[in-house]
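Notes follow the structure.
The values are calculated or read from the model by the stated rules, or taken from the named source; none is laboratory data. Fair warning: this is a prediction, and the values are worked out from it, not measured in the lab. Here the Cβ positions follow ideal geometry from the backbone for every residue, glycine too, while neighbour counts run over all protein chains shown. Please note that ligands, DNA and RNA were not included when accessible areas were found on the heavy atoms of the full protein model with its side chains. Shrake-Rupley method; radii C 1.70, N 1.55, O 1.52, S 1.80 Å.
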Amino acid sequence: MDRRHFLTDLSRLAILCAAAPSDWRLITRPRWVDDPFTLGVASGDPTATGAVLWTRLAPRPYEVDGGMPGPRTAVDWEVADDEAFTSIVRRGRYIAAPELGYSVHVDVEGLAADRWYFYRFRSGEAVSPVGRVRTTPPDGAQTPLRLGVASCQNYEQGLFTALDHLARERCDLVTHLGDYIYEYGARENAVRQHRTVEIRTLEHYRERYAQYKLDPALQAAHRMCPWLVTWDDHEVDNNYANDVGENLMESADQMRIRRAAAYQAWWEHQPVRVPRARSWADLDIRRTTNWGALARFWMLDTRQYRDDQTCGDGSKVVPCGDWDNPARSILGMQQEEWLIDGLGASASRWQVLGQQIPVSPYDDLAGPERRLYMDGWAGYPHGRDRVLKAVAERSANRTVVLTGDVHSNWVHEVHAGFDRPDRPVVAAEFVGTSIASGGDGEDQWRQVPESMRDNPHTKWHTARRGYMVCDVTDASWTTTYREVPFVTRPDAPVTTASVWRVEHGRPGITKG
Ligand SMILES: [Fe+2]
């Protein structure tokens with residue numbers, strides 16, 4: 001039997017047993033009825049010689065397996081110097097598999113440093129949209145960086161207008177700090193409805209990612225430049241801690257099953273260079289990315305390894321419960337050591353902590369009592385101070401913390417110990433608001449004006465929607481807060497709400 005007859009027989013067989021599990025079949029020239037590239041393209045985790053290119057075959061994204069018929073399917077990829085693809089510099093073939101949701105993760109190598117490229121995918125006659133990707137500067141280079149920062153995009157609560165604006169900011173890189181999806185079910189008065197109830201299975205997490213990925217603004221922002229992505233709680237379950245769920249309805253074993261489904265779906269839908277785990281319930285996503293010698297990004301995971309929140313998840317008067325126990329950690333001891341050792345070893349000009357939740361405390365109770373957000377680093381004061389001690393000793397005033405989670409903008413000077421205001425400022429924390437979570441938002445949280453005096457490290461705060469753009473050079477770090485006035489109806493304009501600057505090696509943050 002020659003090869004062509006064998007393949008013809010295979011394709012006949014593919015039709016006969018389309019519904020059967022079929023790990024060994026491969027379709028090299030699929031005939032598409034519907035466009036398989038409905039979820040767009042993305043790139044991420046760039047290096048000086050490459051990046052990860054992502055797509056997922058999903059011709060009917062709301063169906064099981066995205067409407068794919070069962071066999072493995074070939075996807076060709078191309079990287080070119082130009083948008084017309086007349087000068088192709090790398091190409092190859094990837095086999096998309098049903099057990100990984102037909103996701104495609106191409107780890108391209110062999111590109112030139114500090115260069116923009118264009119990429120696209122083909123499968124049969126179908127061609128994907130074109131994405132832009134760039135490599136990082138070479139080792140030793142202090143090339144400036146323009147960085148976008150986004151987080152918290154609850155699809156139900158608002159339109160992704162801010163991402164549309166972010167896509168036009170000419171960023172080199174975007175970091176997304178989590179709450180990329182939300183796990184809960186449709187609510188009344190939602191701007192846009194989720195299709196299912198609270199999600200727990202792999203099939204449903206895939207469907208939820210597909211719903212978000214269909215958004216044209218999200219696709220546009222991914223096409224613009226490579227992303228560095230981490231997760232927060234809503235990629236699994238609100239405020240979960242390690243294997244403890246939000247409502248304690250699930251046992252630790254059930255939470256691990258849910259985590260496995262959620263972590264796998266996250267991996268399938270993000271342009272990340274994260275090795276597949278032996279068990280999806282334990283997916284180690286912490287990693288570093290260097291922007292030449294200018295900046296080292298530490299992408300952290302404050303959810304998977306943390307001790308459970310003490311005395312509840314919300315704002316609590318401290319001390320309470322186990323709050324003051326030195327054994328508690330938000331990163332987990334292993335990740336804490338990895339970060340502390342790494343900060344000492346890194347010669348990068350700036351150390352950037354890309355992570356989920358506020359490192360700086362905010363006492364929102366005016367007067368002598370302190371009320372703190374127990375889901376943030378403020379709920380784990382000893383673990384936080386171990387990290388800040390290392391920052392003080394190893395990378396003082398060349399460390400910037402980037403934070404999401406709280407759906408509001410905050411500028412905090414980070415002290416080497418928050419219980420003693422005389423401890424020196426050693427870092428800057430820029431907390432970015434949400435893309436859509438919380439709907440239109442408000443100018444300020446109600447308790448802020450009265451409590452501001454109790455928080456001298458806090459320089460500024462608003463609670464509208466938007467994102468940050470950071471312009472980084474060897475001499476300074478400038479964060480521009482960009483805001484949209486509404487997300488519950490289309491076409492909001494974007495404005496600059498505030499600009500903040502850190503001089504390399506000098507404590508403090510100045511406005512302007
Ligand atoms: Fe959020």
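Miscellaneous remarks
- PHE85, sole failed condition from (1) of a type outside the set (A, V, I, L, M); (2) closer than 11 Å to TYR119 by Cα; (3) in contact with an Asp or Glu (Cβ under 7 Å, 6 or more places away or on another chain); (4) open to solvent by 50 Å² or more (accessible area, probe 1.4 Å): (4)
- Single residue of THR175, THR143 found to be in the same structural domain as GLY441 (by TED's automatic domain parsing), in contact (Cβ under 8 Å) with a residue 24 or more places away in the chain and out of contact with any strand residue (DSSP E or B) (no Cβ under 7 Å at 6 or more places or on another chain): THR143
- Residue check, ALA190 small (Gly, Ala, Ser) and open to solvent by 20 Å² or more (accessible area, probe 1.4 Å): yes
- Members of the range 309-326 that are of a type outside the set (Val, Ile, Thr), touching a residue at least 12 places away in the same chain (Cβ under 8 Å) and surrounded by fewer than 16 Cβ atoms within 10 Å (Cβ to Cβ): CYS311, GLY312, GLY314, ASP322, ASP324, ASN325, PRO326
- Taken across the range 276-293, residues that are at pLDDT below 95, among the basic types (Lys, Arg), more than 30 Å from ARG398 (Cα to Cα) and within 21 Å of the chain's Cα centre (by Cα) do occur, with at least one present.
- Among the residues making up the range 64-82, those that are modelled with pLDDT under 95 and open to solvent by 20 Å² or more (accessible area, probe 1.4 Å) are VAL64, ASP65, PRO69.
- Residue in the range 362-378 that is under 19 Å from VAL502 (Cβ atoms) and open to solvent by 10 Å² or more (accessible area, probe 1.4 Å) present: no
- Members of the range 211-222 found to be of a type outside the set (D, E, K, R) and either surrounded by fewer than 24 Cβ atoms within 10 Å (Cβ to Cβ) or touching a Phe, Trp or Tyr at 6+ places or on another chain (Cβ under 6 Å) (or both), listed by number: GLN211, TYR212, LEU214, PRO216, ALA217, LEU218, GLN219, ALA220
- Members of the range 371-427 found to be within 16 Å of the ligand (Cβ to nearest atom) and touching a His at 6+ places or on another chain (Cβ under 7 Å), listed by number: SER408, ASN409, TRP410
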